[in-house]
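Only one structure is covered here, and it is reproduced in the block below.
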């Protein structure tokens, strides 16, 4: 734990100072600015999901790290900014990213008009207890997975196939279904009291078709956003497997 804490201290200190690759803390809001395609949505043809600026899951991880290190004042400031700047005014949930390609402050950044599963981290990391996040991300659900972008968005690509650069990369995080984020939805349901543990386990059980196909007893990396949601990518993806197991055990306790 001591080694982990020292590593976390170094990360936080250098984010505050600013890193050579551009990551820095916006002094006005205490939120973290991230360069283009620095999140898990990292395709680069060029960046198909750049999310440059203030991605919501980065803020959730940042606030969680500050709390872990006992830096409550900075954590509270970042949380206040998140509530003020990320909360959608005309729809449930929170913005996925505040776009700031020129390094603008969070207050001057432009919210992206997208619905993605990343706002679930606000619940699963204990940052917020807000059922509107569940309402917002519900439309992304498919059996055993979640779309990476809402189907009504102009960037939505429902099939992950074809040429790598011009077809698959643009679809990779713009509609393609992912297995690893799906358990977060069930976890969020339980943490907010939106449903019973047994109901959340029933939702997780919709992964059974994925587990019984491809590489048996493993969850694939992703699937098509469009029905019938054909499995694609790696047939036995570690983070898909581990998140399903982690949340299943957590809910079953």
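Structure notes:
- Considering residues of the range 94-122 that are farther than 23 Å from residue 66 by Cβ and assigned to a loop (DSSP other than H, G, I, E, B) only, the residue modelled with the lowest pLDDT: 113
- Per-region count, the range 36-58, residues assigned to a helix (DSSP H, G or I) and without any contact (Cβ under 8 Å) to a residue 40 or more places away in the chain: 1
- Hits in the range 106-119 (condition: surrounded by fewer than 18 Cβ atoms within 10 Å (Cβ to Cβ) and closer than 16 Å to residue 27 by Cβ): 107, 108
- Only listed residue being free of Cβ contacts under 8 Å to residues at least 40 places away in the same chain and surrounded by fewer than 16 Cβ atoms within 10 Å (Cβ to Cβ), chosen from 253, 168: 253
- As a summary of the residue check, residue 89 satisfies the conditions (1) at pLDDT 95 or above; (2) over 19 Å from residue 149 (Cβ atoms); (3) more than 16 Å from the chain's Cα centre (by Cα); (4) surrounded by fewer than 19 Cβ atoms within 10 Å (Cβ to Cβ) except for the one numbered (1).
- Screening 155, 149, 125 for residues that are outside the structural domain of residue 195 (by TED's automatic domain parsing) and modelled with pLDDT of 95 or more leaves exactly one candidate, 125.
The values are calculated or read from the model by the stated rules, or taken from the named source; none is laboratory data. What you see is a predicted model; the values in this text were computed from it and never measured. Using ideal geometry, Cβ is built from the backbone for each residue, glycine included, and neighbour counts are taken over all protein chains shown.
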